[in-house]
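Taken together, the values in this text are just the output of simple stated rules run on the coordinates, not laboratory data. All values derive from a computational prediction rather than experimental measurement. All Cβ positions, glycine included, derive from the backbone under ideal geometry; neighbour counts span all protein chains shown.
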Amino acid sequence: MKGCIFLLAALLLAAAGCGRKEPPALDTLQSQLLRDACGTLMAGDAARSREALKRLADTSGGNAFATAAMERVEQHAALLEINQLLREGRIETATQRMREATGPAFKAATQAAPVVEALAAFKAYLGQRPFATSEAAEDGLRALNPHRPLLDQSPAFMAFIQEETASLVTLRQREEEQVVTWLVGELDAAAVRGTPDASQRLAHLTALRPNHTLAKAWAAATVSDIRALEELSRLAERDPASRLALETGVCLAWPQMSEAAWRSVVPTFVKGQPAGFSGQLLQAAATAELGDYDGAVRNLHALVEVTPLDPRHVSRLLSRYVLTPRQAQAWCWRTACPGVPDILGCIVQLRTSRPR
């Protein structure tokens, strides 16, 4: 029985073997060409990759795949070239390659366009630095806004833009300080001359620096806030900039300043060196207030170049320290032109007169 089973199995195996065919030899050419194309593409050699794909296209059954792969290789090669140009900083050349791209490379160029445009805008921004004004810096940053979604993906760019924003704040502050300094200088001269109208410049200064010493001094002198004037005077004794601000603010208000308010600042203006034109005028008045006509003349001599004086200053100087109030109303002192030389000439003739 066992022998019959063994014989049957052997016959079955023999019968199965009679119908089997030998497998054909494996054609490795297509797979090898495909491996070559991929390998050379990964190595950055687009030319050899295209050559391998062309050979693959020439083989039977490989045409459709090879054609599609060659388009991809063309796109990849275009991207590689644009990327290399960008790495080298040749953004203008990369832009030109994009414009000249045709066929499969055109699609790649379209994909790369936003990046190239963003880098071109960033390069243009860098070319404008350092900015002369905060307005120019703001315009430069504003030009980058359309490209920020791409640029912000770079941590290095984000760190850079934070520094630029901080620099812009510093630049604005520096410009504002320059404007404030200019306004104080303009107000100093205008307070003595009476022209141009100081109200607009004073309003500008107050808008920029509501708590500026000049604005405080003008307000305190106008409303006769003696305590505030004394506090500002103490500050002015320690700081030249504060002294100039105090001088200018008081000089602007001097024509309508009360006697009590004026006398509260006389000791401050008698001491020290005047910081501006207003200080020279007020020191002349303060020293005359104390009967020191020589000191008054010295300070008025320093103002000879600042003519004409505000007619209200002329009237107050003459009526208080040179002429009687009735004499100060004479036609020669009521014209628009009397200045420091006129006052000096009168003081030379009448310097021995009583101060009032």
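Brief remarks on what is shown
- As a calculated quantity, the FRET efficiency between residue 290 and residue 237 at R0 = 30 Å, using C-beta atoms, amounts to about 0.95.
- For the pair residue 148 and residue 260, label points projected 7 Å from Cα toward Cβ lie 5.7 nm apart.
- With the simple model of a label 7 Å out from the Cα in the direction of the Cβ, residue 270 to residue 200 spans 4.0 nm.
- Per-pair calculated FRET efficiency, R0 = 30 Å: residue 120 and residue 167 via Cβ, rounded to 0.05: 0.85
- Phi to ³J(HN,Hα) by Karplus 6.51 cos²θ - 1.76 cosθ + 1.60 over region 144-154, Hz, x for Gly, Pro: 7, 3, x, 9, 4, x, 7, 5, 5, 6, 9
- Note on residue 156 and residue 141: the extension gain reaches 3.8 nm, defined as 0.36 nm multiplied by sequence separation minus the Cα-Cα distance.
- Summing +1 for each Lys or Arg and -1 for each Asp or Glu among the other residues whose beta-carbon sits under 11 angstrom from that of residue 270 gives -1.
- R0 of 35 Å, Cβ-Cβ distance residue 223-residue 181: FRET efficiency to nearest 0.05: 0.85
- Ranked by the mean number of other Cβ atoms within 10 Å per residue, highest first, peptides 144-154, 236-246 order as 236-246, 144-154.
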